Amino acid sequence: MRPDKQRVGAAFARHYEHYEQAAVVQREMADRLAEALVEVAPQLRVRRALEIGVGTGFLTRRLTALYPDAEWWFNDLSPAAFNWLPVGLAQSNTLEGDAEALPYPAGLDLLAGASALQWFDNLAGFFPKARAVMHPGGVLAIACFGQEHFRELATLAGSPLHYPALSQLGEMATRAGFRILHTGEWRHPLFFDSARALLDHLRRTGVNGGGGKSVHIATPAALLAFEERYRSAYAATTNGQLPLTYHPLLLIAQAS
C-alpha cells in the first residue's frame, strides 16, 4: 500500500469517534445510495455481498437491514472500522486492507461502497475488477466525489482537482460490462465561522490523511494568512462564513 493510503487509514482510525457527527454529507450519500438501490432494483436477491470502505457503517447499516440473510464481506483500510459492524448477521467476513489491491470474493450479487473510491489511484481499473467477481444481474452501487469537490481548497492551493465527472463514471461502468440503472449528483456546501473550524472538520472526517487532498497549516501565522485568503475569495457572499463544497456522485449499475 502506498504511503498516502496508509495516512488515510491512520487518519480515519484516529478520528472514528468524531466521524459520526462530523461526516454529515457522507451520511447523506449513504442514505441516498441505499434509497436509490431499493427504488431501481426492488427485486434484487442478494446471497453474497461486499462493501468497500465500511468506515463507521453509514452504508453498512442501511444495506444489512435490506439484505440481512446475505453472506456479507466488509472491507476497510483500518481494522478499527470492523468495530462498527452490525451484530447478528447471518454470515459476516472482514477483508482488511487496500480495496484497490485486494482480491474480491467471487459470486457477488451486490458490490457497494460510499465515500471510498475517490482514494483509488486507478478508478477505471475498479470497474472490470468488480464485474469479474459479480453474477450476471448483480448490482454495483457506489457513491464518491465529483469534479467540484472541495473546489475552494483547490482554488486557494492553485492545484487542479482530480475527481471524476459523473459521465466518466458511467462510461467506465459501461465499458466494463454494466448497464446503468441510476446516476445522480448534487452539491452540498458546508459553512464555517473560521479556518480553524473548517480544518477541524477536515481532520474529523479523515481528509487530512489524503496526501494532495489534505491541508497542512504549520504555524499560527500560516493559519491567519490562510483564513484571510479564504475570506477574501469567498466570505463576501456567505455572510462572513467560509464555504466548503462537497460534490457527491451516485452510480448504480447491473452486471450484464
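Filtered by the rule that a residue be small (Gly, Ala, Ser), without any contact (Cβ under 8 Å) to a residue 40 or more places away in the chain and in a loop (DSSP other than H, G, I, E, B), the range 83-104 gives 88, 90. Filtering the range 26-74 to residues that are among the hydrophobic types (A, V, I, L, M, F, W, C), over 18 Å from residue 117 (Cβ atoms) and not in a loop (DSSP other than H, G, I, E, B) leaves 38, 40, 65, 66, 72. One residue stands out in the range 114-135 among those that are of a type in the set (D, E, K, R) and part of a helix (DSSP H, G or I): the one that is surrounded by the fewest Cβ atoms within 10 Å (Cβ to Cβ), namely 129.
Report yes if residue 40 is within 21 Å of residue 120 (Cα to Cα), touching a residue at least 12 places away in the same chain (Cβ under 8 Å) and either touching a His at 6+ places or on another chain (Cβ under 7 Å) or surrounded by fewer than 19 Cβ atoms within 10 Å (Cβ to Cβ) (or both), otherwise no.
no
Within the range 21-80, track down each residue that is among the β-branched types (Val, Ile, Thr) and in contact with an Asp or Glu (Cβ under 7 Å, 6 or more places away or on another chain). Residues satisfying the conditions are 46, 54, 56, 60. Scanning the range 75-90 for residues that are out of contact with any Leu (no Cβ under 8 Å at 6 or more places or on another chain), modelled with pLDDT under 95 and closer than 24 Å to residue 136 by Cβ turns up at least one hit. Residue check: is residue 161 farther than 20 Å from residue 63 by Cα, among the aliphatic types (A, V, I, L, M) and touching a Lys or Arg at 6+ places or on another chain (Cβ under 7 Å)? Yes, satisfied. If you check 196, 175 for being basic (Lys, Arg) and assigned by TED's automatic domain parsing to the domain that holds residue 51, only one passes: 175.
Tallying residues that are surrounded by fewer than 22 Cβ atoms within 10 Å (Cβ to Cβ), under 25 Å from residue 206 (Cβ atoms) and among the hydrophobic types (A, V, I, L, M, F, W, C) within the range 43-64 yields 0.
The values are calculated or read from the model by the stated rules, or taken from the named source; none is laboratory data. Please read all numbers here as calculations on a predicted model, not as lab measurements. Positions of Cβ are backbone-derived with ideal geometry, glycine not excepted, and every protein chain shown enters the neighbour counts.
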